[in-house]
Amino acid sequence: MKKIRVAIIGQGRSGRDIHANSLSQMKEQYEIVAVADMLEERLERAKKELNCDVYRDYKDLFKRNDRGFHVLSEKPLARTAHEVDILIDKAMKTGKLLAIFQQSRYAPAYRQVQENIKSSVIGQVVQVNIAYNNFARRSWIARIRLEMPRTT
């Protein structure tokens, strides 16, 4: 299996504690090759913990000769809809994957909701809310709003 080489922009809570930590535990599948962050202490920590190249300016990361990046972005993907359109257009022109990180995408509750939607037995779904509550009797509650045909 070919390893996926990863660069992480930002070593705050999500960049370090979620993404770098998770990817570091799957060394057969992923190799963190670079980190970009504006704070020197975060760069030093990344260099020590991840043994990777570090960049103070993320733009320098894009100058690497092993570029041609697929992009997995944290939320939000961009500041405006126009910026999202630019990113989508660039991804389509270069044939690169552009995706947004959704941490619940493979959670059991989310997958069950997906299966219910695919089955079409509940009608056209226009919104799904899932609330996790550790103090409730059940570990999750899903509310599904259906678009019902109007009768006159």
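The values are calculated or read from the model by the stated rules, or taken from the named source; none is laboratory data. Note that the structure is a prediction, hence the values are computed from the model and not measured. FYI the Cβ positions are ideal-geometry reconstructions off the backbone, even for glycines, and counts take in every protein chain you see. Just so you know, the surface numbers come from the protein's heavy atoms only, side chains and all, with ligands and any DNA or RNA stripped out. Shrake-Rupley method; radii C 1.70, N 1.55, O 1.52, S 1.80 Å.
Listed values, structure above:
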| read-out | value |
| --- | --- |
| Simple spin-label estimate for K90 and K48 in nanometres, 7 Å along Cα-Cβ | 3.4 |
| Dipole moment magnitude, nearest 20 debye, the chain about Cα centre, only Lys, Arg, Asp, Glu C-beta charged | 420 |
| Candidate residues H82, H19: accessible-area rank, largest first, probe 1.4 Å | H82, H19 |
| The chain: Rg to Rh, with Rh as the Kirkwood radius over Cα pairs | 1.07 |
| Solvent-accessible area per residue for the chain (1.4 angstrom probe, square angstrom) | 80 |
| Hz values of 3J(HN,Hα) by residue in segment 15-22 - Karplus curve (6.51, -1.76, 1.60), Gly and Pro given as x | x, 8, 6, 9, 6, 4, 4, 5 |
| Longest to shortest principal axis, alpha-carbon extents of segment 49-133, angstrom | 51, 35, 22 |
| Backbone HN-Hα couplings from phi across segment 52-69 [Karplus 6.51/-1.76/1.60, Hz, Gly and Pro as x] | 10, 5, 10, 9, 6, 10, 4, 5, 5, 4, 6, 8, 4, 7, 9, 7, x, 7 |
| Difference of contour (0.36 nm per residue) and Cα-Cα distance, E40 to D57 | 5.0 nm |
